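What follows is a short report on a single structure.
Each reported figure results from applying straightforward, stated rules to the coordinates on display, with no laboratory input. Since this is a predicted model, take the numbers as computed values, not measurements. Glycine gets a Cβ as well: all are built from the backbone with ideal geometry, and neighbour counts include every protein chain shown.
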Amino acid sequence: MNFLSIAWRNMCERPLASFLTGLSMALGVAAVIMVLVIHRVAVEQFEQDAQGYHFIVGGTGGRTELVMSTVYHLGKPLYPISYAYYRKFVDGEYAKYTDAAIPYCLGDTFVVGDYKYRAIGTTPDLFEKLKYDGVTPYEFSEGRNFKREKFREAVIGSVIARQGKIKVGDKVNPTHGLGGNPEDEHEESFEVVGILKPTGTANDRAVYVNMEGFYLMPNHSLSAKPKNADDTEASTVPEPGAPTVGYDNEGNELEPLPEAQREVTSILVLAKGPTEAMELNFSINKSGSGTQAVPPSEVVTQMLENIVGPVRTVLLVLTALIVLVAAIGILVSIYNSMSDRAHDIAVMRALGASRGAVQSIVLLEAVLLALLGGLAGWVLGHLMVGLASPYVEIKTGVPLDMLAVDPKELIVLPSLVLLAILAGILPAITAYRTDVAKALSGTR
């Protein structure tokens, strides 16, 4: 006796009920798959974005706010610090500990349609001295890095290039402030000279402009030197590698903004080694200078443990409840059909089928419903991840790979088999107890 073919025939005899039961199971499994895949990708993304340097230096305030605004380009930046303080990492007291110090000047926005992206003033060292995931150097899909002496050059991330259909040679005009209001658009434009290859980080959705040109835009300079407790007088000697004269897009000479009128929002610091990083971290945080050094990996770990992890747990509980309801649907569907099957079961018994064989057929039907629904849900879940990927990448810079498989997915189908067996026990017991004589005579 072929139990599988009999179980399949029983399912096909109730096509609507079987379809709806399988569909509910598929939707539940699809939800589970989406939660697992998106959580894994999000965790990897958060961790990868915070690599490539030892810590971020910024003004005092929330550690999380500093990391979110600098690393992920989200939220409001903290109060800026003086340019003189940044010079300490270049040719001052902290320079002997530092391999690279990359300044970030935040506060402007670049608008593409309905989307707003950060415009960041920085130096070419960002793409030359740092590796975006701690291992892989930045590469350009088109063009090159901007040059220090070309004050009106810019590099853009891959998401912005694709979203705005921007190519090398195009001009971009940031807007002042984080609101992205069209009336606040700067008249000064920057020429796009390079488009980054996709990095899978938040850098894919940012515009990087030459910091020298950033300073020369309206409302980006200070009228007088800021007063910070630990600041020394601004040096009249340009920092190593800084241009003494620059040029705009037409080749006209531009004079750099005096250092006394400059400030930076934050600094990405790559120390010479772990020991130097510890010394720098301690020195900065104990100096009382109104600044703080924050290792982004620590903040990311806390965020994942305290926010992302609990949210995933809640979502998994909710999706597990959906799957449980689908399993109950299997139980109800098969159990309600037992009275209609009593005659068929009696015929099978009369032809020599044992009670155990009949019981096995009912359990196998429950398992088939769960497995088919689960497989459909697994495919549907990954398809939904793929469909959501373009929107998620535009909004967050996080690409979702529909083919990415979380190891925890491997326990989904075995769990469904166990759940289906539990759901099929009651109908199987009912089949086991079927009275052959009464069923064949048509009495109850």
Please list 256-262, 25-31, 111-117 highest first by mean number of surrounding beta-carbon atoms within 10 Å per residue. 25-31, 256-262, 111-117
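Looking at the range 110-217, send over the antiparallel percent of its DSSP beta bridges, to the nearest 5. Walk me through the intermediate numbers first.
Values: 13 of 22 bridges.
Once the DSSP bridges in the range 110-217 are tallied, antiparallel ones form about 60 percent.
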From the list [x] 60, 53, 46; [y] 108, 45, 33; [z] 67, 50, 49, can you say which value of Cα extents along the principal axes in Å was derived from the structure given? [y]
Determine, for each peptide in 372-379, 137-144, 277-284, the mean count of other beta carbons within 10 angstrom over its residues, then list the peptides with the highest first. 372-379, 277-284, 137-144
Among Lys116/Lys167; Lys116/Lys272; Lys88/Lys116, which pairs are too far apart, with a Cα-Cα distance over 29 Å? Lys116/Lys272; Lys88/Lys116
If packing is taken as the average count of other Cβ atoms within 10 Å, what order do 188-198, 265-275, 296-306 fall into, highest mean first? 188-198, 265-275, 296-306
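Using the Cα centre as the reference, give the magnitude of the dipole from point charges on the C-beta atoms of the range 120-168 (Lys, Arg: +1; Asp, Glu: -1; all else neutral), rounded to the nearest 20 debye.
Working: 10 positive and 7 negative charges, 47 e Å.
Taking the Cα centre of the range 120-168 as origin, the dipole is about 220 debye.
Do the sum for the chain: with -39,500 (n - 2.57) for every DSSP H run of n ≥ 4, divided by all residues, what is the mean residue ellipticity at 222 nm, to the nearest 500 deg cm²/dmol? Numbers along the way, then the final one.
Numbers: 14 runs with 210 residues, N = 444.
When only DSSP H runs of four or more count, the value is -15500 deg cm²/dmol.
Treat every Asp and Glu Cβ in the chain as -1 and every Lys and Arg Cβ as +1, leave all other atoms uncharged, and give the resulting dipole magnitude about the Cα centre to the nearest 20 debye.
Numbers: 37 positive and 48 negative charges, 517 e Å.
About 2480 debye.
Restricting to the chain, compute how many DSSP beta bridges are antiparallel as a %, nearest 5.
Working: 36 of 46 bridges.
Antiparallel bridges make up about 80 percent of those DSSP assigns within the chain.
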Note, ³J(HN,Hα) from phi for the range 137-145, Karplus 6.51, -1.76, 1.60, rounded to Hz, x at Gly and Pro: x, 5, 10, 10, 6, 9, x, 8, 6
For the chain, what relative contact order do you get, as a whole percent, if you take Cα pairs closer than 8 Å and at least 6 residues apart? 26 percent
Could you work out how far the C-alpha centroid of the range 273-291 sits from that of the range 171-219, in angstrom? 31 Å
Amide H of Asp108: which non-local residues (sequence gap of 5 or more, or other chain) have their own amide H closer than 5 Å, using H built in the peptide plane? Ala119, Gly177
